[in-house]
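What follows is one structure encoded as structure tokens, with my remarks underneath.
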Amino acid sequence: MIKTLVPQILTSRTLAALSYSGRAAIRRIRREPPVLQAFIEPGEPYSELLAQALPPLADRLGARIHWHQVGPPVASAAPERERLARWSQQDAELLAQEYGLDPNASPSASLDMSPVETGEALRLKLGHYASAMTWFEGEWFWGIDRLHFLENRLGGGRQDLTLAPPRLPEMELGGEMDVYLSLRSPYSYLILERLAQVRSVWNTRIHLKPVLPMVMRNLPVPWAKRVYIVRDCTRLADYQGCDFGRIHDPLGPGVERGLAVLHHALSNNKGFGFALSFLRGAFSEGVDATTPQGLNHLAQRAGLSWDQVRAALNDESWKEAFELNRQALFEMGLWGVPSLSVDGQFAFGQDRLARAAGWLAKSATPSES
């Protein structure tokens, strides 16, 4: 009961709305302007982009910014620090181009920021762990990718967003794309939902590359990071128009049994359907995939029989196959999911699906899905 109750509280739209409206009412009664708390790690690529993009946005929205200097997150929150640093630099340069920002600017040098100790203490008190973060009245916004949510909160649902996320193309792209995913990743669920909407239009071959969840690879995830991920995925799901929130964590045997079935489903051209069914069950329907009944339900609606499920559960060849996926992911310089690969170009995160679509449009030829 506790395992399902906590996610319901974290993903409750009603509780969030009451909290935000209550804070806004107090601010208006006091006749105070909106105040944004921005946490910057000087030299860190996403922090520099935030320091560049946030001031004009705040001016437009009539908000003030309090700048706080922080150091890098602890190792448990960013376990692959070297890979993260290399990827962040590459990704931020492309992100700056996509949003019309200067990839070489270092605006943090001119900011009047609180000392590191003060900034980190406030960040911890408010419940976060990372840099390039903005906090506003109970809600966290990462980098520039989430500032459209901040704009909507302060602008009352305006459509002319300054930093609107890129739209996915609605045309045939062809080509092939590898998608590295985990059966315990809500972001993997969200990207599969998006791909389910567009893959027939794109006419792109999608190759799923499952890997073990980080926590099952001895990479523990701190509580603050779990909370942020669940809340972030809640608003992303609402933005995408898909269900999210009835969560039943399949950690451990549930994931392993799901991966075994997924391995066989992939060989029967039913891998995408089963992966989406499994992730929907885990993150939007509260299906307990650790039980035979739950797993059978998720498999059957993907077109797999119980006999096929039993055969898959008696075959451990998935372990070696999916370990090769992890090694390939690391060879690309990435470490987390979902990650995308198109024609030798790589991206990390469901936020980069539009970028991968651009690669498909430039280099792929039409192909049967």
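The values are calculated or read from the model by the stated rules, or taken from the named source; none is laboratory data. Keep in mind that what you see is a predicted model, and the values were worked out from it rather than measured. For neighbour counting, all protein chains shown are included, and Cβ atoms are generated from backbone atoms with ideal geometry for every residue, glycine included. Ligands, DNA and RNA are stripped out before the accessible areas are found, and what is left, the full protein with its side chains, is counted by its heavy atoms. Shrake-Rupley method; radii C 1.70, N 1.55, O 1.52, S 1.80 Å.
When residues of region 61-92 are filtered for being under 13 Å from LEU36 (Cα atoms) and not hydrophobic (A, V, I, L, M, F, W, C), how many remain?
Summing the residues that are under 13 Å from LEU36 (Cα atoms) and not hydrophobic (A, V, I, L, M, F, W, C) in region 61-92 gives 4.
Quick one: is ASP102 surrounded by fewer than 16 Cβ atoms within 10 Å (Cβ to Cβ), at pLDDT 95 or above and under 21 Å from PRO166 (Cβ atoms)? Full working, then the answer.
Values: surrounded by fewer than 16 Cβ atoms within 10 Å (Cβ to Cβ): yes; at pLDDT 95 or above: yes; under 21 Å from PRO166 (Cβ atoms): yes.
Judged against the criteria, ASP102 is a match.
Residues of region 146-161 being open to solvent by 10 Å² or more (accessible area, probe 1.4 Å) and closer than 26 Å to LEU340 by Cβ, which ones?
Quick first cut of region 146-161, residues open to solvent by 10 Å² or more (accessible area, probe 1.4 Å) only: 149, 152-161.
Result: PHE149, LEU161.
Consider ASP91 carefully, then state whether it is among the charged types (D, E, K, R), out of contact with any helix residue (DSSP H, G or I) (no Cβ under 6 Å at 6 or more places or on another chain) and in contact (Cβ under 8 Å) with a residue 40 or more places away in the chain.
Yes, satisfied.
Given the conditions (1) crowded, with 17+ Cβ neighbours inside 10 Å; (2) modelled with pLDDT of 95 or more; (3) under 17 Å from TYR187 (Cβ atoms), and given that HIS264 satisfies all but one, which numbered condition is not satisfied?
Failing condition for HIS264: (3).
Would you check if there is a residue in region 21-34 being within 24 Å of ALA105 (Cβ to Cβ) and of a type outside the set (Asp, Glu)?
Within region 21-34, not a single residue is within 24 Å of ALA105 (Cβ to Cβ) and of a type outside the set (Asp, Glu).
Just the residues that are farther than 29 Å from GLU93 by Cβ, in contact (Cβ under 8 Å) with a residue 12 or more places away in the chain and under 29 Å from the mean Cα position of the chain (by Cα), please, taken from region 105-123.
THR118, LEU122
Considering only helices (runs of 4 or more DSSP H) fully contained in region 275-332, which possess at least 1 residues that are open to solvent by 40 Å² or more (accessible area, probe 1.4 Å) and more than 19 Å from LEU208 (Cβ to Cβ)?
By residue number, 292-300, 306-313.
Exactly one of these conditions fails for GLY286: (1) in contact with a His (Cβ under 6 Å, 6 or more places away or on another chain); (2) free of Cβ contacts under 8 Å to residues at least 12 places away in the same chain. Give me its number.
Only one criterion is unmet by GLY286, namely (2).
Residues PRO56, PRO79, PRO103, PRO73: which one is touching an Asp or Glu at 6+ places or on another chain (Cβ under 6 Å) and not acidic (Asp, Glu)?
On the way: PRO56 fails: touching an Asp or Glu at 6+ places or on another chain (Cβ under 6 Å); PRO79 fails: touching an Asp or Glu at 6+ places or on another chain (Cβ under 6 Å); PRO73 fails: touching an Asp or Glu at 6+ places or on another chain (Cβ under 6 Å).
Every option except PRO103 fails the conditions.
Taking the condition of being of a type in the set (Asp, Glu) and not in a loop (DSSP other than H, G, I, E, B), how many residues in region 123-152 meet it? Let's see the steps before the verdict.
Our first condition is that a residue be of a type in the set (Asp, Glu); within region 123-152, this holds for 137, 139, 145, 151.
Of the ones still in play, those that are also not in a loop (DSSP other than H, G, I, E, B) are 139, 151.
Result for region 123-152: 2.
Quick one: is ARG231 within 27 Å of ALA77 (Cα to Cα) and open to solvent by 30 Å² or more (accessible area, probe 1.4 Å)?
yes
Do we find that ARG231 is assigned to a helix (DSSP H, G or I), out of contact with any Pro (no Cβ under 6 Å at 6 or more places or on another chain) and among the basic types (Lys, Arg) in this structure? Break it down into steps so the answer makes sense when it comes.
Values: assigned to a helix (DSSP H, G or I): yes; out of contact with any Pro (no Cβ under 6 Å at 6 or more places or on another chain): yes; among the basic types (Lys, Arg): yes.
Considered against the rule, which asks whether it is assigned to a helix (DSSP H, G or I), out of contact with any Pro (no Cβ under 6 Å at 6 or more places or on another chain) and among the basic types (Lys, Arg), ARG231 comes out as yes.
Which members of region 46-83 meet the condition of being assigned to a helix (DSSP H, G or I) and farther than 14 Å from ALA132 by Cα?
Those that are assigned to a helix (DSSP H, G or I) and farther than 14 Å from ALA132 by Cα: PRO56, LEU57, ALA58, ASP59, ARG60, LEU61, ARG81, GLU82, ARG83.
If ALA224 meets every condition in (1) open to solvent by less than 40 Å² (accessible area, probe 1.4 Å); (2) aliphatic (A, V, I, L, M); (3) closer than 17 Å to ASP288 by Cα apart from one, which number is that one?
Just one mismatch for ALA224, condition (3).
Considering only residues that are small (Gly, Ala, Ser) and surrounded by fewer than 19 Cβ atoms within 10 Å (Cβ to Cβ), which ones fall in region 130-145?
Here is the first cut: in region 130-145, the ones small (Gly, Ala, Ser) are 130-132, 138, 143.
Once the filter is applied, which keeps residues that are small (Gly, Ala, Ser) and surrounded by fewer than 19 Cβ atoms within 10 Å (Cβ to Cβ), region 130-145 yields only GLY138.
May I ask you to say which residue of PHE330, PHE278 is more than 27 Å from HIS248 (Cα to Cα) and either touching a residue at least 40 places away in the same chain (Cβ under 8 Å) or over 21 Å from the mean Cα position of the chain (by Cα) (or both)?
PHE330
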